[in-house]
Amino acid sequence: MAGMGKTKHSRIHIVKREALPWYYRVGVRALAIVAALIVTAVVIMLLTHKNPIQVYISMLKGAFGTELRIWSLLQNIAILLCISLAVTPAFKMRFWNCGAEGQVLVGCLATTAVMMFLGDSLPLPLLWTVMLIAAVGAGIVWALLPAVTKSLWNTNETLFTLMMNYVATQLVAFFLKTFVKNGSGVLPPMPEYGLPRLLNKDYLLNIVIVVVLTVLVYIYLKYTKQGYEIAVVGESENTARYIGINVRKVVIRTLVVSGALCGVAGLLLVGGTNHTISTTTVDGRGFTAIMVSWLAKFDPLYMVLTTFLIVFLDRGTQQVATDFRMPNALSDIVTGIILLFIIGCEFFLQYKIVSAKAGKENA
Amino acid sequence: MDKTAAIELKNITKTFGSVVANKQVSLSVNRGEILSILGENGSGKTTLMNMISGIYFPDEGEIFINGEEAVIASPKDAFQYKIGMIHQHFKLVDVFSATENIVLGLEEKGRYNLKEAEQKVHAICEQYGFELDPHKKIYTMSVSEKQTVEIVKVLYRGADILILDEPTAVLTPIEIRKLFSVLRKMREDGKAIIIITHKLNEVMEISDRVSVLRKGEYIGTVNTAETDEAELTEMMVGKKISLNIHRSEPKNPTPRLEVHHINCSNREGVKMLDDVSFTAQAGEILGIAGIAGSGQRELLEAIAGLQKLDSGAVLYNNPQTGKMDNLCSKTPLQIRELGVRLSFVPEDRLGMGLVGNMDIVDNMMLRSYSKGKSMFLERKAPRDLAEHIIDELEVVTPNANTPVRRLSGGNVQKVLVGREIAAAPTVLMAAYPVRGLDINSSYTIYNLLNEQKENGVAVIFVGEDLDVLLELCDRILVIGSGHVTGVVDARTATKEEIGLLMTKTTVAEKGERS
C-alpha cells in the first residue's frame, strides 16, 4: 500500500445491515421523532422567540383542544387514511399511481352531480346507493385509463396519472361554471342529501367506514390470493411471468380496486363532510397519501399511525401559526423537518456507514 | 518497436466474500501488442479487467504501469494512467450525439468547445480508420456504431492501454473484420490492447499472445503463433478432474420432450435459437453445455412457455394420456392446465424463481397458491412444505419466516430446487443450479437431480462446469451461438471434445443472417 498516499480518496462505504431486533427498530424510530421535535422546537424558537413548551402546548391544543377539534382531527384522519388505503395496492404492485388526487376528485364530482340532479327525485337510501355507485364508478374510470394504456402500450403511469389530475380539476371547474346558477362558481352546500349521521355525530359514519376499510384492505393484501399476486408482481414481474400470473390482468384489477377506494374517499368527502365541491376539495391529500403509504411500508395498520402523525402535525402547526401570528408555511416547515427525520432514520435502520479500513477488515 | 511492458500485473487476488474471483494472477502487455484473455464463464476475466480500470480494487498484488507501481482506486485514476476500458454494455447517453458523448465527463472550464472536439474526433477516426458521424445521435446508431463511439471516447481521452470486454459478441462478421482492422492500426501506433473473449478463432486471428484463466486462476500465456485451438481449449477447460458424482444407468428411457426445429429472436431481432432440435428422455439427465449467452436461457424459457418462438414445436409426450401435446406458444398457466408437470429452476434465482423479500413459506406458495376456489390463501400446506424442505435439505435459516434474500446462495438454491421437485415433475429443467454453491450444497443438488432421474423424470441440466456435466449427465447437448453443435455421450466424451464444440462458431451462417 505504498502508493496509497498519491491518490486522495475519502473511502466511506454504505453497508447493508442485518435484520435488527424489533425493540431496536422501535427505539430508533422513537428517537428520530424526539430528535425531530427538538429540532422543530429550536426552529420555532428562532422564528417566534417563544418558549418551545408553549409552542408544543399550542400544537396539542390545535389538535385536541376542543371536542370539535378532536372530531375534526378524526375526520381528517379518516379521509387521508381512506385515500392512503386506496393508493396502497397500486404502490405495492410498483404501479406509481400519482393520480389519487384526480381519482378522488372525480369521485367527489360524481357524488355532487347525483346529489344535485337526483336529490329531489329519489328517496334518500336509494340516493345514497346511487351516490356510492357513481363515486366508485368515476374513481375506477379515472384509475383504469392509465392502467389499460400501461398494459397495452407500456405508457408511463406516473405521467399519465398526474395529467389525469389536471383533467379532473378542469372538469370540476367546468361543472361549477356551467351548473352553479348564480354564476359565482361557488356551489352552496346541500346537507339535506348528505350521508346519514350516526348517533347524531357529523363525522362518525366516515370514521366507521374507514375503520372497516382499513381492516378489509389489510386482509385483502395479506390473506387473499389477489393480494399475494399484487405482492409478486410488485416484487418481480419476471417471477410473476415465471409462475404464470397474467400481469396485465393483475395490473388492471388492482387499479380497479385502487380507483374504487378513491371513489369512496370522494363520496365521504362530499356526501359525508362538505356536501359541496370546489376544485380544491381534495386539497393535495392525494399526494400526501402516497407519503403516508410509503412511511407505513404499505401496511394498512401502520398507516393509521402515519396518518395520525401527518394530520396531527398539520392541525397542530396551523394552531401555532394562528397563536403566534406566523404564516401558514410554518406548518409545512415543521412537517418537512419531522418527515426528514423519520425517513432518514429508515436509512440508518437498513444501512450502516463504515470507513474503508473497517470495511476491508470485515471483508 | 520498443517492447516495454505497458502494464504488468503481479499476483493479483480478488475475493468476493468466500468466492475467489482471481487468484494470484500475473500477466503483462507490451506496447504495440494485442493480448487476448481467454477463459470460460466465471473464470475471472472481467473481474481482472475491472481491477485495471479502477472499478474494483485488488485484495492483494501489484499493478505496474510502464514499470512503475500504480494505485488504481477509481476509474478516474485509471484514466490518469491512460487506461481505457470498453465495456460489454455501453455507457452512452442516448439523446446526445457522438461528439457530445465523447466529451461528456471531461473536466473543462466553461463550456465544451464542440467544434474543436469534432475536429479531434475526426482526426482520430482518420488515423485509425473508424467510420463515425460525429453529429449522429446515439439512439439512431447500430450496436457497432455505438461501440465505435466508446472506442473513440477512450482514445480521445488519450488512452494508450485499451481493454475491450468481449467486443465481438454483439457484432456481425463484417463488423468484426472492421473492428479487427482498427485494432491492428492501433497496435501499429504502439497501443497496448487487451481483448477479453472466448472465441478461439478470433483469438487466433487477432492476438499476438494469449493468457488463459480458469476458475480465477492464471494458467499461462502462450504466443499465438506457436499454439493452436486444441492446445488453447485444453488450457481453458483443464484436465479432467474426477468428482465422484454418483451416476446410475438410465432405466428404460422413453422420449418425454421433443423439441423440433425451434427458432427465436430477442427484442433487438438478433436470433438466439437457430433451428434447435433434440429429445429429452424420461429417466435420463440431458446436459446442455455452451458458452454463456449461446441460447441456453432462451431454450429453457421456450420450453417453459416464457419465450415466444418464431417457428418450431415443443412436443410433450404425456405419460397419462399417451398423447403428444404441443407446448409451443402456450403460457406457463396453459401448460400447467394441460397436465404437464414441468418444473423449472431458472438461472436467476431471486429475480425469477423466488421473490427475495418474501419469506420461505410465501415462496413455497408461488407454484401452488392459485389452487382451489377460495379467494383466501392457504398457508398451512406451504408452511409444512417449507419446514419439510428446511429439514430434508438442511437449509440454514433462523426459521421458515425469514425472507429468502437473507439466506446464503446455497440455501436459496435448496429452497428453489426443493420447491420445484415438490411439484412431482415429469420434466425438470435446471439452469446453472450449482453456480456459486459450495461443494456440499452442490452435491446435495446433484443427488436431488439423480433421484429425480431414477424416479423417471426427464431432467435437463444446463451447466458450465464440464467436469460436472461429464460425470452427472447421460447425454450432453452442446450449443454454440444458438445452434446445436453436437450431442455427445457423457460417458465417453472428453472435455476437449466438448470445449471445441462449444467454441465452434458458424461464421458463414452468421453472415447470411445479418
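Taken together, the values in this text are just the output of simple stated rules run on the coordinates, not laboratory data. Just so it is clear, the structure is predicted and the values come from calculations on it, not from any experiment. Methodologically, a virtual Cβ is constructed for each residue, glycine included, from the backbone with ideal geometry; neighbour enumeration extends over all protein chains shown.
Against chain A, whose longest principal axis is taken from its Cα atoms, helix A:204-223 shows a tilt of about 50°. Of the residues A:Leu339, B:Leu299, the one with the fewest other Cβ atoms within 10 Å heads the list, and the complete ranking is A:Leu339, B:Leu299.
Taking the C-alpha atoms only, the angle from helix A:100-118 to the longest principal axis of chain A is near 10 degrees. Label chain B by shape, choosing from rounded, prolate and oblate, from the square roots a ≥ b ≥ c of the eigenvalues of the Cα gyration tensor; if a/c is under 1.5 it is rounded, and otherwise prolate applies when a/b is larger than b/c, oblate when it is not. Prolate. For the stretch A:256-295, the residues whose backbone nitrogen is under 20 Å from a point 7 Å from the Cα of A:Thr129, taken along Cα to Cβ, are A:264, A:267-268, A:271-272. Fewest-first ordering of A:Trp71, A:Trp128 by other beta carbons within 10 Å of each residue's beta carbon gives A:Trp71, A:Trp128. Positive-end ranking of B:Leu35, B:Ala169, B:Gly129 along the dipole of the stretch B:5-237, with charges on Cβ about the Cα centre, is headed by B:Gly129. With Cα atoms defining each centre, the stretch A:79-116 and the stretch A:283-302 are spaced 12 Å apart in the structure. Note on A:240-249: average number of Cβ atoms from other chains within 10 Å of each residue's Cβ is 6. About the centre of its Cα atoms, chain A shows a dipole size close to 1220 debye [charges on the beta carbon of Lys, Arg (+1) and Asp, Glu (-1) only; nearest 20 debye].
Ordering of B:158-171, B:371-384, A:320-333 by packing is B:158-171, A:320-333, B:371-384, highest average first (other Cβ atoms within 10 Å, averaged per residue). Neighbouring Cβ atoms from other chains, within 10 Å of the Cβ of residues in B:365-378, number 4 on average. Database remark: amide H of B:Ala169 closer than 5 angstrom to no amide H (H placed geometrically; neighbours at sequence offset of 5 or more, or on other chains; Pro and chain starts carry no H). In terms of its alpha-carbon gyration tensor, the stretch A:210-363 comes out oblate; a/c meets the 1.5 threshold, while b/c is at least as large as a/b. B:Leu300 sits among other residues whose Cβ lies under 13 Å from its own Cβ, and their net charge, with Lys and Arg +1 and Asp and Glu -1, is -4. The value for the stretch A:99-144 of Rg(Cα) / (2.2 N^0.38 Å) is 1.14.
Scalar couplings 3J(HN,Hα) for the stretch A:23-31, obtained by applying the Karplus form with A = 6.51, B = -1.76, C = 1.60 to θ = phi - 60°, are 5, 5, 5, 4, x, 4, 5, 4, 4 Hz; x denotes Gly and Pro. Inter-part distance, the stretch B:133-197 to the stretch A:202-256, computed on C-alpha centroids, equals 49 Å.
A straight line joining the Cα centroids of the stretch B:237-264 and the stretch B:333-376 runs 26 Å.
In this structure, the pairs whose alpha-carbon distance is over 22 Å, taken from B:Lys323/B:Lys371; B:Lys76/B:Lys191; B:Lys137/B:Lys271; B:Lys45/B:Lys137; B:Lys199/B:Lys271; B:Lys10/B:Lys239, are B:Lys323/B:Lys371; B:Lys137/B:Lys271; B:Lys45/B:Lys137; B:Lys10/B:Lys239. Relative intensity of the stretch A:73-302 on a log10 scale, I(q)/I(0) at q = 0.10, 0.11, 0.14 Å⁻¹, equals -0.44, -0.53, -0.83, per a Debye sum over C-alpha point scatterers of equal strength in the absence of solvent. Along the Cα-to-Cβ line of A:Phe324, 7 Å from the Cα, sits a label point; which residues in the stretch A:52-72 have backbone N less than 13 Å from it? Only A:52-60 pass the distance filter.
Computed 3J(HN,Hα) for the stretch A:171-180, one whole-Hz value per residue from the Karplus formula 6.51 cos²θ - 1.76 cosθ + 1.60 where θ = phi - 60°, is 5, 5, 4, 4, 4, 5, 5, 7, 9, 7, glycine and proline marked x. Remark on B:Val345: its backbone amide H falls under 5 Å from those of B:Met429, B:Ala430, B:Ala431, a criterion applied only to residues 5 or more positions apart or on other chains, H modelled at 1.01 Å from N.
Helical content of chain B, expressed as a calculated mean residue ellipticity at 222 nm, amounts to -9500 deg cm²/dmol (DSSP H runs of 4 or more residues, -39,500 (n - 2.57) each, divided by residue number, nearest 500). Classify the stretch B:5-237: rounded, prolate or oblate, from the alpha-carbon gyration tensor (a ≥ b ≥ c, eigenvalue square roots; a/c under 1.5 rounded; otherwise prolate if a/b is larger than b/c)? Because a/c hits 1.5 or more and a/b exceeds b/c, the stretch B:5-237 counts as prolate. With neighbour counts taken as other beta-carbon atoms within 10 Å, the residues B:Val95, A:Val208 rank, fewest first, as B:Val95, A:Val208.
Using the Cβ of A:Leu127 as centre and a radius below 11 Å, the other residues enclosed give a net charge of -2, where K and R count +1 and D and E count -1. 3J(HN,Hα) along the stretch B:129-135, derived from phi through the Karplus expression 6.51 cos²θ - 1.76 cosθ + 1.60 where θ = phi - 60°, amounts to x, 7, 10, 8, 8, x, 8 Hz, with x in place of Gly and Pro. Taking amide H atoms as placed 1.01 Å from N in the peptide plane, the amide H of B:Met85 lies under 5 Å from those of B:Ile163, each 5 or more residues away in sequence or on another chain.
Rounded to the nearest 20, the Cβ-based charge dipole of the protein assembly as shown about its Cα centre (Lys and Arg +1, Asp and Glu -1) stands at 2640 debye. Across all directions, the average projected area of the convex hull around the alpha carbons of the protein assembly as shown is 44.9 nm². Where does helix B:380-392 land angle-wise versus the long Cα axis of chain B, in degrees 0 to 90, nearest 10? That helix lies at roughly 70 degrees to the long axis.
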